[in-house]
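These notes concern the structure reproduced below.
The values are calculated or read from the model by the stated rules, or taken from the named source; none is laboratory data. On a predicted model such as this, the values are computed, not experimentally measured, just so you know. Neighbour counts run over all protein chains shown; Cβ positions are idealised from the backbone, glycine included.
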Amino acid sequence: MPRPERPLGPGDDPLLEFAADLRRLREKAGNPTYRELGRRAHYSAGTLSEAAGGKKMPSLAVALAYVRACDGPEAEWEARWHDVTERTRTGVSDSPVVPLNGESAPYIGLTAFGPDDASRFFGRERLVEKLVSRLSGQRFLAVLGASGSGKSSLLRAGLLPAFGESSITVLMTPGSRPLQECAVQFGAALGLAPGGLLAEFTEHPRNLGLAARQLVADREGDVVLVVDQFEEVFTLCQDAGERAAFLSALVTATTEPESRTRVVLGIRTDFYTHCARHPELVEAMQDAQILVGPMSTEELRQAISRPAIDAGYRVENALVSRLVADATGQPGVLPLLSHALLETWRRRHGNTLTLTGYESTGGIERSVAQTSEHTFTALSEHQQRLANQIFLRMTALGEGTEDTKRRITRDEVDADDPDVAVVLDRLASSRLVTLDDNGIEIAHEALIRGWPRLREWLAQDREGLRVHRQITEATDAWESVGRDDGWLYRGARLAIAMEWAGEHDSALSQRERRFLDASVAIENHEQAVARRRTRRLRQLVALLAVLLVLATAAMVYAVRAEQTATSQRNSALAQKVAGQALAMRPTNPALAAQLALAAYRVDPSVDTRGSVLGMFESPYSTRVAGHDHRVNAAALRGDGQVMVTGSWDQTAKLWDVKNPHRPIELATLSGHTANVNSVSFSADGGAVATAGWDKTARLWNVADPAKPGPGVVVGEHPSRVNAVAFSPKAAVLATSDGDGTVRLFDVRDLAKPVLVATLTGHTGNVNGLAYSPDGRTLVSSGADKTARLWDVADPRGARPLGVVTGHTAGIHSAAFSPDGRTLATASIDQSARLWNIADPMAPVGLGTMTAHKTIVRSVAFSPDGTTLATTGFDRNARLWDISDPAKPREKPPLTGHTAAVVWAVFSGDGRTLVTASDDQTVRLWDLPGPAISGPARSACRAVFGSDGKLLATGSQDGVLRLVDVADTRNPRELSKVAGFGQGVCGLAFSPDGRTIAAGSWDHTMRLIDVTDPRAPVDTGVFYRPAEETDPVAFSPDGRTLATAGSGHTVKLWDVADVRRPVELATLTGHEDDVHSIAFSPDGRTLLSGGWDHTARLWDISLAKAPKQLSVLKGHADTVFSVAYSPDGKLAATGSADRTARVWDVTDPAAPREAAVLAGHTDNVISVAFSGDGKTFATGSYDRSVRLWDVSDPGTVRESASLTDDVDRVNAVAFAPDGHTLAGSVADGSVRLWETSPERAAERICATVHPRITADEWEQHLPGLDYRPPCP
């Protein structure tokens, strides 16, 4: 008998209330023991008991696991957790805590580590040793890494201190004048004027090495010159001559006889190809490169915990684990991690950095955005404008690369404005920028990636920003030469600059205004001396011709030199492109898929393979471009083969969409003189109606859609026409306009439409119209917050029915369900709603959907009525499972549009969703995509039948589902088996595919006859274990069934007669419950894994007298999953210790550990072998599936990672075809993945359109011959 739970203390503290409500939730769930909760939640009983103890706020992950295990509403509890956390964070707020006297933060935030930070720089010790070793043996070294990989910190806080005692170190960043900056740094070290050094360095590249020898003339050791952010040589330096002189000086300094210079370059990997364009740099970098990759798990732990521990603070273990999980596998994560740690330290509880404090920062991804946004919104309106200009000035726009930070001088901003100092001080206090006596710069480029507002600023007018940057650079150059008139703008450059300045005068500094004013003055003066200008132009042309010849010769030499570095360059480029492809997939799926495939063919690595396989993880969409302005609406002809779209460009267009992956423009309907707001096809498909804001509705004969007839104006409308809709049963057209009127027209004769009814009742714009499927009811949606139903069975006698009220703002659109009994509405109040209109006189509210968090523009029902699509200003289309319309459940959103999504419509077969957007495109989405929609509760198991065409899924809602997956792109649910009291998470098909064994958390084991999968027969419960166990497995001959049993046992059953199972034997030996079971392919051995951290092998050749053969030891936590390879020579185990292990079980009495597979950052919950035994899959709570090549068990290696950001992966299973993998996901869905890159490539090439162009290839794969991956 378990002991009673400790009573909570008295009081009304929010923490106590939270704990009490958790306990009440547990009571409502049937008061399961904490041991049972632990099995469901996969947390220890002690952790869950502590969560409801009222002494300490549990982490969000633990709280939600507790709620899930008790079948509670997670979204409500997550909001509750954040609320209570805010109310209980005594003395801690979102604002930084004021440090105590002498107290400094152990973390530095976004700024890079410097030499003075060496004492708190951890995690890169091995790499520092490698750098020191390499640099001791060679004089030139290039350190390459992605932005945010930590290369600057590595050089500054790792390498420089390591050489500080034995050598003289010089640190510099190139800036716009790299040779000048080099002279400044050496001048400071030598005590000489930099002007003289600059002249010497410019005169001959050998002089840099001589200066270095002078610096160490009286001591041992060398000069170690570290050039950090070397990419500035390409992004900021506009003087090709100075760039070449600087590169030559660096190389010469390391290659001269008696050299005492060692040069280290810190280079972003996306600028690798820029380096390859300079022959001497290529030669120097041949065998002198070190790549800075992501930190290992242990290195991350050191980087997270050691700075705080050394400073006297404590870091919760849960926080360390969460940070490691959040950071692992994320590109450019280190500065974000450092910033999140700094913000967590500011929110510390006493001397402890807590998981709660971290979660309140918004986590790694959101902490930078949260801090930036908090700082920005606290500024006044004028200060915000200044901040905008400062950030734009501090960003260098990428040309085929990411945007980078740019250091600016204080002279570049108008320092005489007192608010400038205020803004800079606040930005610096928040660690968003760094200030010194010489200049200002963004703390780290992670801020550019991580702050949405800044990304939006940069995207608004990039060409304009480039013009402004050119003006700034020209102003600097002009002032640096004493305002020489020769450096002023003239001609086209001046015209472009003045045009931009006329629209953005407030963005100019006083210096820039003076520069433009002087440029205008000098051009006016020079118009009188045209001959001189002509001579200058001729001289310039001649000079350019000479330079062209020289550049051509240099290019030929560079190409020859570059060939020696092709392999290494291609590998780095492929990794970069693979990452870009995954990021690009939502916005440009066709290009993304082709880039992923091209990268894989250049370098078939883990990342590139994962990129190819990941292209269809979410529904694929085909972009349809052709309109010159926002697209407002789309409609499909009844047969789904022709589409019409309407746009702000005053046109409608007709498209052939027989093949939704190859849309073809057929014709343009021109005639409207204003926005075309709505379009509709007639029931027979022979006519199109359009609604225009030019106060007309028009009819078009499209019997031949490639040759439409002229538009015929329909009636008279006193204001703009907002919507049109054809009746699905009669030749009647409905229109609505801005004066609140709905009109019905008889359009049997398209040339002479006749007004038959006028419907009034709305008090403002009527935004949308829709007919019911039977054509007897019309709904109009209005700006007056209502939707009105009309009886239009007899159009001439149309009359009002009920009025839908409940929205708090205007309604944009409405739609009927296929059975006509449910109405959906979309509103400006940021919600979509469902209404029961079985009685159209009295609509009744059902479910409300609020996920958009912004204006909802449209709604559409799928043909089967189980799915609703909503679109909104959040740039997403969202799909909802409305099987229960009172409780709509959101599916993963469809992301990719770059502006508001304003319309949606399903194809007649439900396999395509059309969306229209303000981004000037239409998208055709392939549905349902690679996911089988399931219940609201977690999907915990999926198993394939013997032919691979039938899939059985189990979930925590206690329902077993049978799904036809013969076409994996269009899975169809066939039937359900209900009746389980709790989750059904143990499933196994008999070898003949006719029986399913099911184990449930309701303490039952059942056998289900699925001979007819559309009408399965539950044969009843044959065993009731005392514990909440569920594993089941059939022997290869189908005559024996193994189940987990009571008292940490396994039971064997004779199931030759599935209706009368007979117990054969009980296997004892495990010291805790059994979690997984698998038979060997020959049926003579059984493998079991359990909560006692072991797996065990059993001889069951005599089923009535089984015996234990051996114990597989090595895991440090629960063994959640076990599996056999098809040949029976290997066994695999997956564990809560975050590893999977492969065992050689050729001799099951003496098994041998063959490999430990590390890399997951959370429980490895499931393992599975492919049919050929060469591929092994692991599924984890870290929301990923990893594929491993086990063709050679002695050298197992990861082959791909399939990441899915939806939720945790509970189980994986290969289909008999050996390449389709099913993953059961905690969001209730089952995902189907293609694991063969070759098959994925075939699908990519059969699907994507248009093909990659030569320009796109050059932009993303520079230096590689144009070879489209798809013919």
task = Identify all residues within the stretch 74-98 that are exposed (fewer than 13 other Cβ atoms within 10 Å of the Cβ) and at pLDDT 80 or above; write none if there are none.
result = GLU76
note = Within the stretch 138-185, restricting to residues that are over 39 Å from the mean Cα position of the chain (by Cα) and at pLDDT below 90, the one that is surrounded by the fewest Cβ atoms within 10 Å (Cβ to Cβ) is GLU165
inquiry  = Any residue that is in contact with a strand residue (DSSP E or B) (Cβ under 7 Å, 6 or more places away or on another chain), buried (at least 19 other Cβ atoms within 10 Å of the Cβ), among the aromatic types (Phe, Trp, Tyr) and not in a strand (DSSP E or B) - is there at least one of those in the stretch 676-691?
reply    = no
task = List every residue pair whose Cβ atoms lie under 6 Å apart, where the two residues are 6 or more positions apart in sequence or sit on different chains, the first residue falls within the stretch 1215-1243 and is closer than 14 Å to LEU597 by Cα, and the second residue, located anywhere, is part of a strand (DSSP E or B) and modelled with pLDDT under 90.
result = ALA1240/GLU1234
ask   = Which residues, counting only those in the stretch 1101-1127, are closer than 27 Å to ARG1039 by Cα, in a loop (DSSP other than H, G, I, E, B) and within 39 Å of the chain's Cα centre (by Cα)?
value = SER1125, PRO1126, ASP1127
key: Failed criterion for SER380 (all others in (1) over 26 Å from PHE515 (Cα atoms); (2) touching an Asp or Glu at 6+ places or on another chain (Cβ under 8 Å); (3) modelled with pLDDT of 80 or more; (4) buried (at least 16 other Cβ atoms within 10 Å of the Cβ) hold)   = (4)
query = Does any residue of the stretch 654-677 turn out to be over 32 Å from the mean Cα position of the chain (by Cα), closer than 20 Å to VAL742 by Cβ and of a type in the set (Gly, Ala, Ser)?
reply = no
ask   = Quick one: PRO294 ticks every box in (1) part of a loop (DSSP other than H, G, I, E, B); (2) over 19 Å from ALA146 (Cα atoms) bar one, so which box is it?
value = (2)
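Yes/no per residue for (1) exposed (fewer than 15 other Cβ atoms within 10 Å of the Cβ); (2) under 21 Å from the mean Cα position of the chain (by Cα):
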residue	(1), (2)
PRO1193	no, no
VAL1209	no, yes
THR1235	no, yes
ASP1255	yes, no
HIS1260	no, yes
request  = Go through the stretch 729-755 and give me each residue that's of a type in the set (Val, Ile, Thr) and farther than 10 Å from PRO795 by Cβ.
outcome  = THR735, THR741, VAL742, VAL747, VAL754
query = Taking the stretch 1007-1036, which residues are touching a residue at least 24 places away in the same chain (Cβ under 8 Å) and of a type in the set (D, E, K, R)?
reply = ASP1009, ARG1014, ASP1018, GLU1027, GLU1028, ASP1030
message = Given the criterion of a type in the set (Gly, Ala, Ser), in a helix (DSSP H, G or I) and over 26 Å from ARG219 (Cα atoms), identify the matching residue among SER136, SER119.
response = SER119
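Matching residues to (1) surrounded by fewer than 21 Cβ atoms within 10 Å (Cβ to Cβ); (2) outside the structural domain of ARG1231 (by TED's automatic domain parsing):
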site: ALA900; (1), (2): yes, yes
site: VAL905; (1), (2): yes, yes
site: ASP909; (1), (2): yes, yes
site: ASP919; (1), (2): yes, yes
site: VAL922; (1), (2): no, yes
site: ASP947; (1), (2): yes, no
site: LEU950; (1), (2): yes, no
site: THR953; (1), (2): no, no
site: ARG961; (1), (2): no, no
remark   = Checked the stretch 482-529 for anything touching a helix residue (DSSP H, G or I) at 6+ places or on another chain (Cβ under 9 Å) and assigned to a loop (DSSP other than H, G, I, E, B); matches are ARG483, ASP484, LEU488, TYR489, ARG490, HIS504, LEU508, SER509, GLN527
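Here's the yes/no breakdown for (1) crowded, with 23+ Cβ neighbours inside 10 Å; (2) out of contact with any helix residue (DSSP H, G or I) (no Cβ under 6 Å at 6 or more places or on another chain); (3) among the basic types (Lys, Arg); (4) free of Cβ contacts under 8 Å to residues at least 40 places away in the same chain:
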| site | (1), (2), (3), (4) |
| --- | --- |
| ARG206 | no, no, yes, no |
| LEU236 | no, yes, no, no |
| ALA240 | no, yes, no, yes |
| VAL282 | no, no, no, no |
| PRO294 | no, yes, no, no |
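Yes or no, residue by residue, for (1) β-branched (Val, Ile, Thr); (2) farther than 24 Å from LEU1221 by Cα:
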{"site": "SER990", "(1), (2)": "no, no"}
{"site": "TRP1001", "(1), (2)": "no, yes"}
{"site": "ASP1009", "(1), (2)": "no, yes"}
{"site": "PRO1016", "(1), (2)": "no, yes"}
{"site": "THR1043", "(1), (2)": "yes, yes"}
{"site": "LYS1051", "(1), (2)": "no, yes"}
request  = Hey, can you tell me all the residues within the stretch 99-126 that are closer than 14 Å to PRO335 by Cβ, modelled with pLDDT of 85 or more and among the hydroxyl-bearing types (Ser, Thr, Tyr)?
outcome  = TYR107
query = Could you give every pair whose Cβ atoms fall below 8 Å, whose first residue belongs to the stretch 787-799 and is under 24 Å from THR822 (Cβ atoms) and surrounded by fewer than 19 Cβ atoms within 10 Å (Cβ to Cβ), and whose second residue is among the acidic types (Asp, Glu) and modelled with pLDDT of 90 or more, counting only separations of at least 6 or pairs across chains?
reply = ARG799/ASP791
query = So which of PRO1016, PRO1031 is under 22 Å from LEU950 (Cβ atoms), buried (at least 22 other Cβ atoms within 10 Å of the Cβ), in contact with a Ser or Thr (Cβ under 6 Å, 6 or more places away or on another chain) and not assigned by TED's automatic domain parsing to the domain that holds PRO32?
reply = PRO1031
Which numbered condition PRO335 fails, given (1) at pLDDT 80 or above; (2) in contact with a helix residue (DSSP H, G or I) (Cβ under 8 Å, 6 or more places away or on another chain) = (1)
Residue among GLY1194, GLY1173 that is farther than 19 Å from GLU617 by Cβ, at pLDDT below 90 and either part of a strand (DSSP E or B) or not acidic (Asp, Glu) (or both) = GLY1194
ask   = Hey, among the residues in the stretch 604-658 that are of a type in the set (Phe, Trp, Tyr) and not in a strand (DSSP E or B), which one's farthest from HIS1249 (Cα to Cα)?
value = TRP648
remark   = The residue from SER248, SER176, SER166 that alone is in contact (Cβ under 8 Å) with a residue 60 or more places away in the chain and among the small types (Gly, Ala, Ser) is SER176
inquiry  = Going residue by residue through the stretch 1159-1170, is there one that turns out to be within 26 Å of the chain's Cα centre (by Cα), aromatic (Phe, Trp, Tyr) and either assigned to a strand (DSSP E or B) or buried (at least 21 other Cβ atoms within 10 Å of the Cβ) (or both)?
reply    = no
ask   = For the subset of the stretch 851-874 comprising residues that are assigned to a loop (DSSP other than H, G, I, E, B) and touching a residue at least 40 places away in the same chain (Cβ under 8 Å), which member is farthest from TYR620 (Cα to Cα)?
value = ILE855
query = Quick one: ASP909 ticks every box in (1) touching a strand residue (DSSP E or B) at 6+ places or on another chain (Cβ under 7 Å); (2) closer than 19 Å to TRP655 by Cβ bar one, so which box is it?
reply = (1)
ask   = For residues in the stretch 459-481 being part of a helix (DSSP H, G or I) and more than 17 Å from ILE408 (Cα to Cα), which is nearest to the chain's Cα centre (by Cα)?
value = ALA459
